[in-house]
Every structure is written in structure tokens, then in C-alpha cells.
Amino acid sequence: MNSWPDIAIPPIDQKFFFPPLSIFDSATKKLSELPVKDTYRIYVCGITPYDATHLGHAATYLTFDLVNRYLRAMGKSVIFVENVTDIDDPLLERAKRDGVDWEDLAHSQIELFRGDMTALRVIPPDSYIGAVESIPLVISAVESMMKSGVVYDLEGDKYFATESDPAFGSRSHLSREDMLTISAQRGGDPLRPGKQDPLDALVWMAKRPGEPSWSSPFGEGRPGWHIECCAIALEYLHPDPKESFLIDIQGGGNDLIFPHHDIGASQAFALGKKPYSRNYMHAGMIGLHGEKMSKSLGNLLFLSTMILEGIDPMAIKVALINRRYSQDYMWNDDALAQAQDLIGRLRLLLSRPEVPPTDLIIEEIIAHLSNDLDTPAVFAALKRWCDQSETGGIGGSPGELSRALDTLLGISF
Ligand code: ZN
């Protein structure tokens, strides 16, 4: 599937020191330093295209864009893969509700997403892969897991046996009771009779009347959700046999920790025969008026609508990332107004021929980002630099700071 247009990233002067990137690993619940090496493999779970990009989605993809940018600015190779779940229950349900074709709905929402990511200057993934186009990969993954005896049949549906992975559950740290509750809320079917374990996950759903289906050696049907991401990650991230993990970062919103990422890791272990991801990195949810933004509450703010209203996408971006990414956050107009103010001040100052020294602020930005993407410290430092610069000063390079803001934060004027 086509992603969105590529973005030219200005090079950053190698005089700047880049500490190794530390990120909070949700699986170990510790800050963990990524080993310094040549290539990093990142998989981020993409959208299910039944609604336009709301601010919560945008915040998640901006978080992983900061990781991608930091590692690239270090001079490293990053293989970045993202999926789009263009066949799944919520998409079919929405299409049915609205009386539209599910493929038309998916295409229109993917197009909006591409526009939103372009406006936010998110680096496009190296591979942007749809669930439908990955069906052959899912089929071969299911076949492989059937051979190793970790998949069983239930009335034509195929289930992954979670008990096959002793580490199942270790990434989410939930009680069994919570797992059962959350599984039911997030696409699982723990109450279905006949399953070996209520938490076992559907990897292939036999054709249901009136629903789209594809042929496979085990009958007509469609892929399960978790297996889609494993199959895509293992194919397109090209795991290195010399590494102890299949990939470096599995990312997404924190609503994916369970069951999606825990079961996904167990399935990837069954397929790849080694631990799946070195780090599990999760972005917090964005709320509005005291509640989590969600379709059911109807309190979504859509990026495309805000941009059409004339709000500068760079200000939306600053307002979204000027927070610890892993914390849930309440969107508010004050934060947007402050972001607009900062963007305006920077735009004005960086168009001046003379500014105070800029090396130190660039070094500070890099150091704060290396500390689990400490963006509030980045923006506090930038505000201090603006305060200082507005009183005059010479010796800095406005061009170099502009380029650094673009390279590291994707902020362009
Ligand atoms: Zn996923």
C-alpha cells in the first residue's frame, strides 16, 4: 500500500553528541537504553480506517516519529513498518451502519490519514502494509503455527493457544480477571464455548454470511487481528538472525498493551523462535473535557477538520508532543494557544540574520530527547532560548537551529 510522500530530513552537524536513546519499556516497566548499533527495527500498529485521524492517533504516530527521527539523526538505519487494518469487525460494522461499501470507507479514511500525517511532517514508514494485502503472509503464518501445534480448530475457526508461550501475560502485568475483562472489551471472545483457554486468539475466522472472505488451505475466511501485525512485522522488518530479539521496538497506543501486543508477542515467538521485541513502547491516550477521546463518547477532535479550520498543523503538533508521551493527557485550548505562541516566536526569531548562540540549545534538545523523549524539557528550553533571543544577541546560527528543529522534531516553518 502506498504510504504518504517522503520528507527531506536535513542533516545535522556531527559535532553534536547523541547519547544512546533511553525509552520506557512497558514490559519490564523500566527505563531501558537501546544498544548502540547500525540498524533498528520498529513496528507501530496503525489505524483501522473507519474514522478519520483524531488527536489520539496523531499523538501516537508523532511519538514514534520522534524515535525514528532521533535514531536517524544519530546516523543509524531505521526500518520502520506500520500496518493499516483494512479488514476487521469495527470497519465492517461501521460500513454496515452507514450503508457504505467497506472498501470505499477504508480507502477514504486511509486517504485522510495520509493527508494528516503529511501535514504533521511524520516520516512515512518504509513499509505501509494493509491487512488485505498481507493475507498470504497470514495464511503462511497460520500454516506454520498449525505445523508446530500451537493453533487448533474450533468449528472452522483457527485459534492460537496462548498457553504455548510461557511468557504470555508477561508484557501486560494484568491479573487473569483483568485479562478476561479487557479481552472481551477489545475484540476478544473469552466467553465462546469450546476454546482451550478463554484468552486464545482467533488467527483465521471462517467465512461469515454476508462478510468478505478470501480462500485459504483451511477454507474461506479472513485473518484475525493480532496475527496480521506479527506476519507483517516478521516479513517486512527482516529480523537479523544475529540479534537476540526479532525486532527492537513494538509500538502503539497504550490501549494495545493487552491483548494485542501480549498475544502478538506470543505468536511472533511461535513463528520466529526467539523473543519478539526488545522494547514495548506505548503512547498515552488523549482525552477531552475530562474523558478519554472515543468514538462511543462522540468527543473526537479530528485533525483534518482542525487543519481545514485554519489551525497551523505545527501548533497542533507542538501541543500534542509537549507532554510525556507515555502519560494520558487531556487536550485543552490553552496548550494549543501556548503552542501557537511558541511557533510564532520561533518563526520570527529564526528569520533574523543574528541570534544568540544556538549550539547549546541544540545540545539540550538532543539530551532531553535521549531521556525517554522528554519533550516538555525540550520546549521549556526552547522558550528560554526565545526569551533570551528577544532581548538581542549574536553568535548563533538561525539556519542551523531551524534545521535541527526539523530534523529532530519535524517542526518546519
Ligand atoms: Zn498491531
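Tabulated data for the structure shown
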item: Any hit, region 374-390, residues being of a type in the set (A, V, I, L, M, F, W, C) and touching a Phe, Trp or Tyr at 6+ places or on another chain (Cβ under 8 Å); result: no
item: Subset of region 51-62 that is assigned to a helix (DSSP H, G or I) and away from the ligand (no atom under 15 Å from the Cβ) - its residue that is surrounded by the fewest Cβ atoms within 10 Å (Cβ to Cβ); result: LEU55
item: Filter result (exposed (fewer than 14 other Cβ atoms within 10 Å of the Cβ) and in a helix (DSSP H, G or I)) within region 185-236; result: GLN185
item: Selection status of SER266, out of contact with any Lys or Arg (no Cβ under 7 Å at 6 or more places or on another chain) and crowded, with 16+ Cβ neighbours inside 10 Å; result: yes
item: Qualifying residue in region 77-84 (condition: crowded, with 17+ Cβ neighbours inside 10 Å and modelled with pLDDT under 95); result: no
item: Output for region 73-105, where each listed residue is touching a helix residue (DSSP H, G or I) at 6+ places or on another chain (Cβ under 7 Å), within 16 Å of the ligand (Cβ to nearest atom) and of a type in the set (A, V, I, L, M); result: VAL81, VAL84, LEU91
item: Any hit, region 215-236, residues being away from the ligand (no atom under 16 Å from the Cβ), of a type outside the set (D, E, K, R), without any contact (Cβ under 8 Å) to a residue 12 or more places away in the chain and within 18 Å of ASP157 (Cβ to Cβ); result: yes
item: Single unsatisfied condition, TYR329 versus (1) under 20 Å from ILE12 (Cβ atoms); (2) surrounded by 18 or more Cβ atoms within 10 Å (Cβ to Cβ); result: (1)
item: Residues of region 237-252 classified as within 14 Å of the ligand (Cβ to nearest atom), of a type in the set (A, V, I, L, M, F, W, C) and either without any contact (Cβ under 8 Å) to a residue 60 or more places away in the chain or assigned to a strand (DSSP E or B) (or both), total; result: 2
item: Check on ALA335, more than 19 Å from the chain's Cα centre (by Cα), farther than 30 Å from GLN185 by Cα and either within 16 Å of the ligand (Cβ to nearest atom) or without any contact (Cβ under 8 Å) to a residue 24 or more places away in the chain (or both); result: yes
item: Lone unmet requirement of (1) out of contact with any Leu (no Cβ under 9 Å at 6 or more places or on another chain); (2) modelled with pLDDT of 95 or more; (3) farther than 29 Å from HIS289 by Cβ for ILE87; result: (2)
item: Flag if GLY344 is modelled with pLDDT under 95 and surrounded by fewer than 18 Cβ atoms within 10 Å (Cβ to Cβ); result: no
item: Filter pass, ASN371 being closer than 27 Å to LEU31 by Cα, in contact with a Leu (Cβ under 9 Å, 6 or more places away or on another chain) and not hydrophobic (A, V, I, L, M, F, W, C); result: yes
item: Out of THR48, THR39, sole residue that is surrounded by 13 or more Cβ atoms within 10 Å (Cβ to Cβ) and within 16 Å of the ligand (Cβ to nearest atom); result: THR48
item: Residue among GLY219, GLY210, GLY130 that alone is at positive phi and at pLDDT 95 or above; result: GLY219
item: Whichever residue in region 238-256 is surrounded by 21 or more Cβ atoms within 10 Å (Cβ to Cβ) and in contact with a Lys or Arg (Cβ under 8 Å, 6 or more places away or on another chain) and, among such residues, is nearest to THR63 (Cα to Cα); result: ILE249
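For every residue, the table says whether it meets (1) closer than 30 Å to ALA315 by Cα; (2) outside any loop (DSSP other than H, G, I, E, B); (3) not charged (D, E, K, R).
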residue	(1), (2), (3)
ALA265	no, yes, yes
LYS274	no, no, no
TYR280	yes, yes, yes
LEU300	yes, no, yes
SER304	yes, yes, yes
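The values are calculated or read from the model by the stated rules, or taken from the named source; none is laboratory data. Keep in mind that this is a model prediction, so the values were computed, not measured. Positions of Cβ are backbone-derived with ideal geometry, glycine not excepted, and every protein chain shown enters the neighbour counts.
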